[in-house]
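Asks: Sending over a structure as structure tokens; questions will come in a sec.
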Amino acid sequence: MMFDKERTILYNKHTLERRGFVSLYHDLYPHNKEAFHSVIEHFKTGYKTCVINAPGTGKTMVGLAVSEFLKKKTLFVTSTNDIIRQTQETMERFSVDLPIWFVTYDKLIHMSTEELDSLDPELLILDEFQHSGAPEYTKPIDYLEQKNPFLYVFGLSATPIRDFDFQSYT
């Protein structure tokens, strides 16, 4: 993998709160602060990572905090419009104003290459990312990764193994 100087992450775990980089960070549960730090540390050297936690434990908040910290144009992909609505309500509740575009996996697979090109994300958050392993879902994700080899990909899941084919995405 090539080193991209412009994407170097300036980060110091001990000074994060003092510097005020991430307002959402203060609202994370302790286990999610740890997950946040792990994600940022991983993104120093790699472009793909995931957080696996039980349902309702704040994975979406970690995703939003990472997006806020990286200050990257974000595409948030999830399984339902209800999750999109809940995430947008969370953003409103915490007064979060980020360049995030929301789409369901079903919408993503029906987008043309022109539509995908217009999104041009720098951070791809795959909520319920166990769905992203389905053959029809991998095509647009692979396209976005090929278009931008420095695309950060961040998966969130409570169930990283798909029950019907026992394929693991960790």
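Laboratory data are not the source of any read-out in this text; all were calculated from the coordinates shown. Since this is a predicted model, take the numbers as computed values, not measurements. So basically every Cβ, Gly included, is an ideal-geometry build from the backbone, and we count neighbours across all protein chains shown.
Asks: At what distance in nm do the modelled label points of S95 and K147 sit from each other, each positioned 7 Å from its Cα along Cα→Cβ?
Replies: Each label point lies 7 Å from its Cα, and together they span 3.4 nm.
Asks: Further question on the same structure: Give the calculated FRET efficiency between T80 and K139 to the nearest 0.05, with a Förster radius of 25 Å applied to their Cβ-Cβ distance. Present the calculation step by step, with values, prior to reporting the outcome.
Replies: Values: r = 20 Å, r/R0 = 0.81.
Efficiency for this residue pair is about 0.80.
Asks: Sequence-distant or interchain residues sharing an amide H contact under 5 Å with K71, placed H: which?
Replies: Counting only residues 5 or more places away or on other chains, the set is empty.
Asks: Just to check I understand the Karplus step: with θ = phi - 60° and J = 6.51 cos²θ - 1.76 cosθ + 1.60, what whole-Hz values come out for region 58-65, glycine and proline as x?
Replies: Once θ is set to phi - 60°, the couplings for region 58-65 become x, 4, 4, 4, 4, x, 5, 5 Hz.
Asks: Would you mind checking K44/K73; K33/K139; K107/K147 for any pair whose Cα atoms are more than 27 angstrom apart?
Replies: The pairs that break the limit, which is 27 Å between Cα atoms, are K33/K139.
Asks: With θ taken as phi - 60° and the coefficients 6.51, -1.76 and 1.60, list the Karplus ³J(HN,Hα) couplings across region 30-45 in order, rounded to whole Hz; mark glycine and proline as x.
Replies: So the Karplus estimates, Gly and Pro as x, are x, 5, 7, 4, 5, 4, 4, 4, 5, 4, 4, 4, 5, 5, 5, 10 Hz.
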